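So the structure is just underneath, and the comments pick up after that.
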Amino acid sequence: MTENTLQQAPSAAEFRNVTLRRGTVTALDDLTLTLPGRKTTAVLGASGSGKSTLIQLTIGLLRPDRGTVSTLGAAVDYDKLRPLRKRIGYAIQDICLYPHLDIRDNILLPARLDGRDEQECAARLDELLTLMQLPEDVLPRWPHELSGGQQQRAGLCRAMILRPELLLLDEPFSGLDTMTRSGIHDQFLQLQDAEPVSSILVTHDPQEAINLADFIVVIREGRVQQHGPVDDVVSNPVNEYVDHLCTGLTGIAR
Amino acid sequence: MTRAALLLSLLWGGIAAAQTVAVASKNFTENYILAEIAAQLLEAHGIDVERRQGLNGTKISYEALHNRAIDVYPEYTGTITEVILNRPELTSLREIRAALAQQNLVLLDPLGFNNTYAIGVTREVAEREGLGTISDLAGHDELRVAFPHEFLNRPDGWPGLRDRYRLGLSVRGIEHSLAYEAMESGQLDVTASYSTDGEILRTGLVLLKDDLGYFPQYLAAYLTHDELRRDAAAVLDTLSGRIDNRRMQALNLRALDPSVSIAEVASQFLREEGLVSTDNGGISFLPDLLRNTQRHLKLTASALLLAVLFGVGVAVLVYRHRTLSNAFLYVSGLMQTIPSIALLALMIPLVGVGQKPAIIALFLYSILPIARSTITAMHAIPGGYRQVAAAMGMTRAQELRHVLLPLAMPHVIAGIRTAAIICIGTATLAAFIGAGGLGDPIVTGLALNDSRLILQGAVPAACLAILTELFFSQVERWLVVPHMRSSQPGL
């Protein structure tokens, strides 16, 4: 019923017969799925569908009860997560920035933890600010002094500061109003053009998935409903649930 | 941070001056006077003195001397044999000194008076009945007699006296303080008192001679240790034999006047004896205040520093485990329920007297507020922050340093602040076990009913509490970014 494997290696993430329970709830049920490298895949589903779980498995924040997870072409080694995590950028909704650090320190934190050269960092920071259209005068300010959109863009900058091979975005734009969101969408697409990187974007907003992603995975109650290129999913929904999600949505952005 | 380090080193350095002589006393008037006389005489000879007066009883005073927390205090031969050495069979000064030497203690030459129990009768009765000795009381069973309750009941008091002298008097009990009034107003003919009580002079009581030598000797002398500066010992020896019973009664009587301070009584005595030329009474106020404050700060700062290291340290180790955190908070809460005086007293058999037990007790009191605020703050940190930290590949140490501690810092500082204020208040009680500090004048003032002395401790302690508040506002300013501070801006 679903097409779970796609071409192109190395994959961004690979799930084989993954089952995960959280308490008495089965978050993922025998899920097998391969997300392609160098593409953006949107994981689309309602809250509680298990879509955030997928991202947390990818980076080793959760461990499957059964099955295996491979990230960036290798099985996740739960005893040595740090080398893997340093190759991944991660941004989540709302509280991604630390309130006790100003914007500059927030964005540069991963680089400093990694002992990177200050000059190299400064150059990278400039580059990202330009890409994300953040003015330089936000740098010395505290997170709470920025608008929601600016905060999320700063969060993206931080996720990108070390030039990750994989970008994990857990509903990073869902707290924003429509206008701000579409602005950020544009900047995200520019970022993807400038620095193509494997991305997994978790969202409950079909329009966002269509705007930003190359591929869509629709998840419901821990099971994959449909997986494929955006056009395929929108034009040939495999069941009523997917059809219902995508009804009224058009306009392939890319 | 360097400023704080500098401040601490100043505090420590100021106290370290080695050659200071710590003069102590127990908490009753006569002992205060004798200690103050010693202190002023030493000062007049250019020796630095530290007053540690008002120790709570013989046991604590002896322990303090034994641990070198103090250097000298006035003691009585009877107390030494009965309580300190527990060898009542020793009677001669030579024997007592030999026994003390085994504990590296030294008894200087007696001051000249014997403060023992004495039987007193009113002058009128003494003359009418021709009473001069206790033996003379035999056959005078019609006399109205009342003894203080303690004397009435202790075996070396009335029961022994009655048997030794074969007396048939019928005796009532009375409050010690009321006995003199009853004698003065003629309601009573005979009572028991201490032979150096100031009231004996005032009421003109006649003390009957203990002709059978029943009462043990309580000769007063300075008790010290064998490492006391030689020049200090020599200075104190000049006091030997200078205070007889009548003189001591006079000094005690003078001290009964609430408008006369102990320091004034002592200084007047020294001038009368020609031992000191100038009035020394008020000079020591400021140095004493500074020294007490310094010592108080040292007590609280040491205890607090330990409590911060331990409280925050353990909190950081256990906060992830509900059960462990709760157990830790429960135990430190238990400490908090022990009354301060009891906790201080409990420390004595474990670590002796002086600053060490006080610091340990204050440390135990400080753990709870610090640990509780740290653990609560850790638990209150939103999970997302920790998830992002983990996703960045932070180690536990990095997470603690860059995320958890900075986020918890405002609450941790608030906890430390609370602990500091508790410490400063509780540390005033530490004077009871010889730790010194601003409690010294308070304890002395309480014992002598001298409110000026009490204020000399209480006011600086209150100021210290306020300064501590300000200090921690500053610490917060150093360590916490503006929008996360708990203090009001401008304070």
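A few points about this structure:
Yes/no matrix, rows are residues, columns are (1) assigned to a loop (DSSP other than H, G, I, E, B); (2) touching a Gly at 6+ places or on another chain (Cβ under 6 Å); (3) basic (Lys, Arg):
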{"position": "B:Lys59", "(1), (2), (3)": "no, no, yes"}
{"position": "B:Tyr62", "(1), (2), (3)": "no, no, no"}
{"position": "B:Ala69", "(1), (2), (3)": "yes, yes, no"}
{"position": "B:Thr79", "(1), (2), (3)": "no, no, no"}
{"position": "B:Val83", "(1), (2), (3)": "no, no, no"}
{"position": "B:Pro88", "(1), (2), (3)": "yes, no, no"}
{"position": "B:Gly120", "(1), (2), (3)": "no, no, no"}
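- Within segment A:95-109, the residues that satisfy the criterion of being within 18 Å of the chain's Cα centre (by Cα) and within 7 Å of chain B (Cβ to nearest Cβ) are A:Ile95, A:Cys96.
- Taking each residue of segment B:126-145 that is closer than 17 Å to B:Asp163 by Cβ and looking for partners that are buried (at least 17 other Cβ atoms within 10 Å of the Cβ) and hydroxyl-bearing (Ser, Thr, Tyr) with beta-carbon atoms closer than 9 Å, six or more apart or interchain, yields B:Ile134/B:Tyr165; B:Ser135/B:Tyr165; B:Leu137/B:Tyr165; B:Ala138/B:Tyr165; B:Val145/B:Thr191.
- Check on B:Thr426, hydroxyl-bearing (Ser, Thr, Tyr), surrounded by fewer than 24 Cβ atoms within 10 Å (Cβ to Cβ) and either away from every other protein chain (no Cβ under 11 Å) or touching a residue at least 60 places away in the same chain (Cβ under 8 Å) (or both): yes
- Lone qualifier among B:Gly160, B:Gly173 - being open to solvent by less than 40 Å² (accessible area, probe 1.4 Å) and part of a helix (DSSP H, G or I): B:Gly160
- Members of segment A:36-58 that are within 21 Å of B:Gly393 (Cβ to Cβ) and either modelled with pLDDT of 95 or more or not in a loop (DSSP other than H, G, I, E, B) (or both): A:Ser52, A:Thr53, A:Leu54, A:Ile55, A:Gln56, A:Leu57, A:Thr58
- Output for segment A:140-170, where each listed residue is assigned to a loop (DSSP other than H, G, I, E, B), more than 11 Å from chain B (Cβ to nearest Cβ) and either of a type in the set (Asp, Glu) or touching a His at 6+ places or on another chain (Cβ under 9 Å) (or both): A:Glu165
- With respect to (1) more than 27 Å from A:Asp231 (Cβ to Cβ); (2) open to solvent by 20 Å² or more (accessible area, probe 1.4 Å); (3) in contact with a helix residue (DSSP H, G or I) (Cβ under 6 Å, 6 or more places away or on another chain), the lone exception for A:Asn211 is condition (1).
Let's see how each residue does on (1) within 30 Å of A:Thr24 (Cβ to Cβ); (2) part of a helix (DSSP H, G or I); (3) open to solvent by 30 Å² or more (accessible area, probe 1.4 Å):
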residue	(1), (2), (3)
A:Gly175	yes, no, yes
A:Ile184	no, yes, no
A:Gln190	no, yes, yes
A:Ser199	no, no, no
A:Val217	yes, no, no
A:Asp231	no, yes, yes
A:Leu245	yes, yes, yes
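- In segment A:110-139, residue farthest from B:Met409 (Cα to Cα) [restricted to those that are within 13 Å of another protein chain (Cβ to nearest Cβ) and in contact with a Gly (Cβ under 9 Å, 6 or more places away or on another chain)]: A:Asp114
- For segment B:360-380, filtered to residues that are open to solvent by 20 Å² or more (accessible area, probe 1.4 Å) and hydrophobic (A, V, I, L, M, F, W, C), the residue that is farthest from the other protein chains (Cβ to nearest Cβ) is B:Ile360.
- Unmet criterion (only one of (1) within 14 Å of chain B (Cβ to nearest Cβ); (2) in a loop (DSSP other than H, G, I, E, B); (3) open to solvent by less than 60 Å² (accessible area, probe 1.4 Å); (4) at pLDDT 90 or above) for A:Arg63: (3)
- Qualifying positions in segment A:125-139 - open to solvent by 10 Å² or more (accessible area, probe 1.4 Å) and not in a loop (DSSP other than H, G, I, E, B): A:Asp126, A:Glu127, A:Thr130, A:Leu131, A:Glu136, A:Asp137
- Residue count for segment A:85-113 under the criterion of being part of a loop (DSSP other than H, G, I, E, B) and at pLDDT 90 or above: the result is 8.
The values are calculated or read from the model by the stated rules, or taken from the named source; none is laboratory data. As the structure is a prediction and not an experimental result, all values here were calculated from the model. Cβ coordinates were reconstructed from backbone atoms using ideal geometry, including for glycine residues, and neighbour counts include every protein chain displayed. Only protein heavy atoms, including side chains, enter the accessible area calculation; ligands, DNA and RNA are left aside. Shrake-Rupley method; radii C 1.70, N 1.55, O 1.52, S 1.80 Å.
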